[in-house]
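What follows is calculated from the coordinates using simple rules that are stated; it is not laboratory data. Remember, predicted model here, so these are calculated numbers, not experimental data. Quick reminder, even Gly has a Cβ in these numbers, built from the backbone with ideal geometry, and neighbours come from all protein chains shown.
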């Protein structure tokens, strides 16, 4: 399989978010495979395990509305710093009840300040790379991935990323 990010010219930084609350699950195995390919092409990967991060949920306080900065101080500060320093983002996740696991959903909700920067303040991250969704699900339902695909399709632009063709595996 070729890289979803195309050929690498120089060092390319990739942030990978492993969204499963379970260690060593199917999404982790698939992410290992994707990241191995990126590293073989010379990509520099930073992998974060969302389950190990201390990320509070968005409280809807609107504190980010003024400067595009969240008022809550936790591991999300590090996630955003790494994201803005990366060329591409890989999000690997299982499907839980047709959507993201709660820990990953909380992280995605905390991207709100980046939406504020791009949409309200008109100074969001520059257009730079791609967001690759790696999803797995136990069932084979036709609409199994609709929820996570819609979320990533909506999130990618205000992160300055384009949604790449996803890697989705059913029945595992």
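Size of segment 15-114 from its Cα atoms: along the principal axes, largest to smallest, the extents are 42, 33, 20 Å. Each semi-axis of the equivalent ellipsoid for segment 95-149 is √(5λ) with λ an eigenvalue of the Cα gyration tensor; in descending order they amount to 28, 13, 9 Å.
For 88, 99, what ranking results if the residue with the fewest other Cβ atoms within 10 Å of its Cβ goes first? Can you show the working numbers first?
On the way: 88 25, 99 16.
Starting with the residue having the fewest Cβ neighbours, the order is 99, 88.
Going by neighbour counts of Cβ atoms within 10 Å, the residues 29, 38 line up, fewest first, as 29, 38.
Compute the semi-axes of the equivalent ellipsoid of segment 55-172, taking the square root of 5 times each eigenvalue of the Cα gyration tensor, and list them largest first in whole Å. It would help to have the intermediate numbers written out before the result.
Details: eigenvalues 136, 52, 27 Å².
Ellipsoid half-lengths, sorted descending, are 26, 16, 12 Å.
Specify the inter-centroid distance of segment 48-67 and segment 83-133, based on alpha-carbon positions, in whole Å. Segment 48-67 and segment 83-133 have Cα centres spaced 12 Å from each other.
The distance between label points at residue 172 and residue 146 comes to 2.4 nm (points 7 Å beyond Cα on the Cα→Cβ vector). Take every Cα pair under 8 Å whose residues are at least 6 apart in sequence, average their separation, divide by the length of the chain, and the relative contact order is 25 percent.
Have a look at the DSSP beta bridges in the chain and tell me what percent are antiparallel, nearest 5.
Numbers: 1 of 25 bridges.
So the antiparallel bridges in the chain amount to around 5 percent.
Note on the chain: helix-only mean residue ellipticity at 222 nm, from DSSP H runs of 4+ residues weighted -39500 (n - 2.57) and normalised by residue number, equals -8500 deg cm²/dmol.
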